[in-house]
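*Asks:* Following this message is one structure expressed as structure tokens.
The values are calculated or read from the model by the stated rules, or taken from the named source; none is laboratory data. Treat the numbers as computed from the prediction; the structure is a model and nothing was measured. Glycine gets a Cβ as well: all are built from the backbone with ideal geometry, and neighbour counts include every protein chain shown.
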Amino acid sequence: MPEPILSIEGLDAHYGDFQALYGLSMQVARGEVAAVIGANGAGKTTLMRSVSGLIRNQPQAIRFRGQPIGGLRADQVAALGIALVPEGRLLFPSLSVEENLIIGGQMGRPGPWNLPRLYDLFPILRERRHVPATALSGGQQQMVAIGRALMSNPDLLMMDEISLGLAPVVIKSIYEALPGIVGEGLTAIVVEQDIAKALSVSSRVTCLQEGRVSLSGASAQVTRDAISRAYFGV
Amino acid sequence: MDWVNAVVQGTLLGGLYAMFAAGLSLIFGVMRLVNIAHGDLIVLSAYVALSGAMLLGVSPFVVLILAVPVMAAFGYLLQRLVLNRTMGDDILPPLLVTFGLSVIIQNALLAAYSADPQKLQAGAIETAAFAIGPITVGVMPVIVFATAVAVIAGLQWVFYHTALGRAFRATSDRQDIAQLMGLNRAHVFGLAMALSMAVTAVAGVFLGMRTSFDPAIGGSRLIFGFEAVIIGGLGNLWGTLAGGVILGVAQTLGAKLHPGFQVLSGHVVFLFILAVRPRGLFPRIDG
Ligand SMILES: Nc1ncnc2c1ncn2[C@@H]1O[C@H](COP(=O)(O)OP(=O)(O)OP(=O)(O)O)[C@@H](O)[C@H]1O
Ligand SMILES: [Mg+2]
């Protein structure tokens with residue numbers, strides 16, 4: 001495996017007294033698309049929130065380009081070049097579509113993404129740029145959420161269940177945009193319930209079960225059998 | 001004609017109330033903080049201006065240029081060093097801490113300046129007036145009202161046309177996701193309090209020029225500010241101006257009926273509007 005851009009070692013995460021992740025370890029190589037799968041409540045979102053700094057953890061448990069980031073605040077993590085498309089989109093309702101995108105880029109990190117380029121990727125957003133973000137359809141809101149994350153020109157882009165609640169045809173169109181997003185050195189982590197989708201877009205897959213890694217391997221090589229065992233623990 | 005006159009005077013008074021209210025509304029909007037010390041901070045601003053005017057020997061209008069940045073810096077530090085430590089899912093701790101702050105400010109002012117009423121002396125302009133038809137209007141109240149309109153317009157512009165305003169609105173919507181955009185919540189809150197205190201400084205200086213003040217009057221200024229915010233509808237700045245005007249007019253009309261009714265009639269109108277329109281007259285329309 002080439003030099004990992006993200007390296008997680010023995011990560012424990014808690015909500016109050018409840019422990020959601022147990023000694024979780026995982027590596028993501030620079031430039032790859034990594035998939036994280038797992039049943040409801042397995043801890044996928046908790047992992048995303050931990051990496052992005054929304055949950056603070058032991059500093060050494062998460063390293064980004066070698067630097068310990070487990071104890072940093074979310075804004076400090078974002079400044080280092082990690083962006084999250086959160087589960088449920090969570091756009092800013094008081095901001096227009098365009099303002100949601102602009103605020104995504106407000107740190108001014110240099111890189112390929114800017115408003116014109118984003119509107120080329122999702123042309124419908126250019127048409128609707130002045131309406132409140134939450135007035136859009138679910139699929140269009142997901143485009144805004146992805147665009148908002150891209151506008152920060154991240155080195156690592158994490159997407160948490162971007163197909164949740166969307167019609168299959170919309171999911172297809174969003175995933176068709178993915179090759180135009182990754183590449184150019186961007187590393188991505190994709191959280192998905194849809195296993196086939198996850199395997200088809202990724203080079204490595206990690207399966208979580210009750211807060212622990214139950215399977216990890218090359219997406220092209222894992223068997224259906226191994227996945228269903230890792231998924232359900234049977 | 002007397003009644004028309006009362007409405008005009010009340011409208012002009014409402015500008016001052018709108019300025020009390022704007023700072024209160026702003027920090028509630030951005031960080032859901034109810035600042036019980038707001039009225040005392042207005043009075044503190046008036047005393048800061050009083051000392052500034054005496055030390056430098058200049059008019060209160062000149063002191064305003066100093067009081068605004070001084071109070072803004074004070075607000076930023078207050079938020080970063082004290083209030084941010086109390087912010088969380090529970091709204092009670094900040095409420096208690098600002099209540100304590102209110103007591104501290106009142107007693108510190110009492111110790112430093114005594115309970116004697118003070119006034120900011122603005123000179124001849126205080127008594128200058130001009131006639132519009134049969135109604136005589138004071139220059140000072142008109143300046144206060146025009147300033148209130150300018151302050152509200154300025155805040156509106158900051159909120160809807162600047163990066164700072166965008167950060168305020170995003171933080172108000174979803175604090176955690178705003179952090180993901182690289183916005184440090186503690187700093188954004190500090191800036192919101194700084195802006196609120198800048199408006200408070202303007203309100204305090206004009207309060208001190210319009211009427212006399214002493215360390216104990218903060219409480220009722222807080223109530224007037226609250227009432228103007230609620231009448232106008234939370235989160236709507238122009239609504240806050242309207243709320244201030246309605247409160248001001250209610251008070252002057254009440255005083256016209258009977259001098260003792262001034263404050264009471266303001267409260268009655270407030271309660272009436274709260275009963276029929278619990279979200280205020282012009283609530284913000286969003287989800
Ligand atoms: N805010 C919270 N407070 C307490 N427990 C939580 C909280 N959020 C999640 N949990 C618990 O942590 C565990 C992991 O949840 P998490 O949301 O990370 O799962 P997930 O894999 O993302 O599930 P899903 O596929 O449903 O999104 C679950 O048992 C969940 O109930
Ligand atoms: Mg989840």
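*Asks:* Residue B:25: assigned to a helix (DSSP H, G or I) and either in contact with a Pro (Cβ under 9 Å, 6 or more places away or on another chain) or under 30 Å from residue B:283 (Cα atoms) (or both), yes or no?
*Replies:* Here the answer is yes, as residue B:25 does meet what is asked.
*Asks:* Considering only segment A:117-129, I want to know if a residue exists there that is in contact with a Gly (Cβ under 9 Å, 6 or more places away or on another chain), more than 14 Å from chain B (Cβ to nearest Cβ), touching a residue at least 40 places away in the same chain (Cβ under 8 Å) and not charged (D, E, K, R).
*Replies:* Among the residues of segment A:117-129, at least one is in contact with a Gly (Cβ under 9 Å, 6 or more places away or on another chain), more than 14 Å from chain B (Cβ to nearest Cβ), touching a residue at least 40 places away in the same chain (Cβ under 8 Å) and not charged (D, E, K, R), which makes the answer yes.
*Asks:* Going through segment A:38-94 one residue at a time, which ones are closer than 16 Å to residue B:184 by Cβ and small (Gly, Ala, Ser)?
*Replies:* A:52, A:53, A:71, A:74, A:78, A:79 - these are the residues of segment A:38-94 that are closer than 16 Å to residue B:184 by Cβ and small (Gly, Ala, Ser).
*Asks:* State the number of residues belonging to segment A:16-37 that are under 24 Å from residue B:177 (Cα atoms) and over 15 Å from the mean Cα position of the chain (by Cα).
*Replies:* Within segment A:16-37, residues that are under 24 Å from residue B:177 (Cα atoms) and over 15 Å from the mean Cα position of the chain (by Cα) number 6.
*Asks:* Given (1) surrounded by fewer than 15 Cβ atoms within 10 Å (Cβ to Cβ); (2) within 16 Å of ligand 1 (Cβ to nearest atom), where does residue A:138 come up short, assuming only one miss?
*Replies:* Here residue A:138 clears every test but (2).
*Asks:* Does residue B:199 satisfy being part of a helix (DSSP H, G or I), under 14 Å from residue B:18 (Cβ atoms) and away from chain A (no Cβ under 14 Å)?
*Replies:* So residue B:199 fits the description; yes.
*Asks:* While we're on this one: For residue B:68, state whether it is in contact with a helix residue (DSSP H, G or I) (Cβ under 9 Å, 6 or more places away or on another chain) and free of Cβ contacts under 8 Å to residues at least 24 places away in the same chain.
*Replies:* When the stated conditions are applied, residue B:68 does not pass them.
*Asks:* Do you know which residues across segment A:144-172 are within 16 Å of ligand 1 (Cβ to nearest atom) and either among the small types (Gly, Ala, Ser) or within 26 Å of residue A:106 (Cα to Cα) (or both)?
*Replies:* A:145, A:158, A:159, A:160, A:161, A:162, A:163, A:165
*Asks:* While we're on this one: So, in segment A:137-155, of the ones that are within 12 Å of chain B (Cβ to nearest Cβ) and assigned to a loop (DSSP other than H, G, I, E, B), which residue ends up nearest to residue A:32 (Cα to Cα)?
*Replies:* Result: A:154.
*Asks:* Now for a separate question. Within segment A:5-114, considering only helices (runs of 4 or more DSSP H) that don't extend past its boundaries, which have at least 2 residues that are away from ligand 1 (no atom under 16 Å from the Cβ) and buried (at least 23 other Cβ atoms within 10 Å of the Cβ)?
*Replies:* Fully inside segment A:5-114 and qualifying: A:74-79, A:97-104.
*Asks:* Further, regarding this structure: Taking segment A:173-200 as the region of interest, how many residues are farther than 26 Å from residue A:105 by Cα and more than 13 Å from ligand 2 (Cβ to nearest atom)?
*Replies:* 7
*Asks:* Ok, one more. Out of B:255, B:192, B:242, report the one residue that is of a type in the set (A, V, I, L, M, F, W, C) and more than 20 Å from the chain's Cα centre (by Cα).
*Replies:* Result: B:255 is the single residue among B:255, B:192, B:242 that is of a type in the set (A, V, I, L, M, F, W, C) and more than 20 Å from the chain's Cα centre (by Cα).
Okay, residues lined up against (1) within 21 Å of residue A:7 (Cβ to Cβ); (2) free of Cβ contacts under 8 Å to residues at least 24 places away in the same chain:
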{"residue": "A:182", "(1), (2)": "yes, no"}
{"residue": "A:185", "(1), (2)": "yes, no"}
{"residue": "A:189", "(1), (2)": "yes, no"}
{"residue": "A:195", "(1), (2)": "no, no"}
{"residue": "A:199", "(1), (2)": "no, no"}
{"residue": "A:215", "(1), (2)": "yes, yes"}
{"residue": "A:223", "(1), (2)": "no, yes"}
{"residue": "A:228", "(1), (2)": "no, yes"}
{"residue": "A:232", "(1), (2)": "no, no"}
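*Asks:* Can you go through A:98, A:9 and tell me which one is away from chain B (no Cβ under 12 Å), over 16 Å from residue B:175 (Cα atoms) and more than 16 Å from ligand 2 (Cβ to nearest atom)?
*Replies:* A:9
*Asks:* Of all residues in segment A:185-211 being more than 16 Å from residue A:160 (Cβ to Cβ) and assigned to a strand (DSSP E or B), which is nearest to ligand 1 (Cβ to nearest atom)?
*Replies:* A:209
*Asks:* Would you pick out the residues in segment A:156-166 that are within 14 Å of another protein chain (Cβ to nearest Cβ) and either more than 12 Å from ligand 2 (Cβ to nearest atom) or among the aliphatic types (A, V, I, L, M) (or both)?
*Replies:* Passing the criteria: A:156, A:157, A:158, A:159.
*Asks:* In addition: What is the one condition in (1) at pLDDT below 95; (2) not in a helix (DSSP H, G or I) that residue B:182 does not satisfy?
*Replies:* Only one criterion is unmet by residue B:182, namely (1).
*Asks:* Something else about it: Just to be sure before I move on: is residue A:55 within 15 Å of residue A:211 (Cβ to Cβ), β-branched (Val, Ile, Thr), in contact with a helix residue (DSSP H, G or I) (Cβ under 7 Å, 6 or more places away or on another chain) and within 16 Å of ligand 2 (Cβ to nearest atom) in the structure I sent?
*Replies:* yes
*Asks:* On to the next question. Cβ contacts < 8 Å: first residue facing chain A (nearest Cβ under 7 Å) and under 15 Å from residue B:191 (Cα atoms), restricted to segment B:164-176; second residue surrounded by fewer than 21 Cβ atoms within 10 Å (Cβ to Cβ) and of a type in the set (Val, Ile, Thr), any location; separation 6+ or different chain. Result?
*Replies:* B:166/A:102
*Asks:* Out of (1) in contact (Cβ under 8 Å) with a residue 12 or more places away in the chain; (2) over 24 Å from residue B:187 (Cβ atoms), what's the single condition that is false for residue B:55?
*Replies:* (1)
*Asks:* Can you name the residue in segment A:60-95 that is among the basic types (Lys, Arg) and either in contact (Cβ under 8 Å) with a residue 60 or more places away in the chain or closer than 18 Å to residue A:190 by Cα (or both) and, of all such residues, is nearest to the other protein chains (Cβ to nearest Cβ)?
*Replies:* A:89
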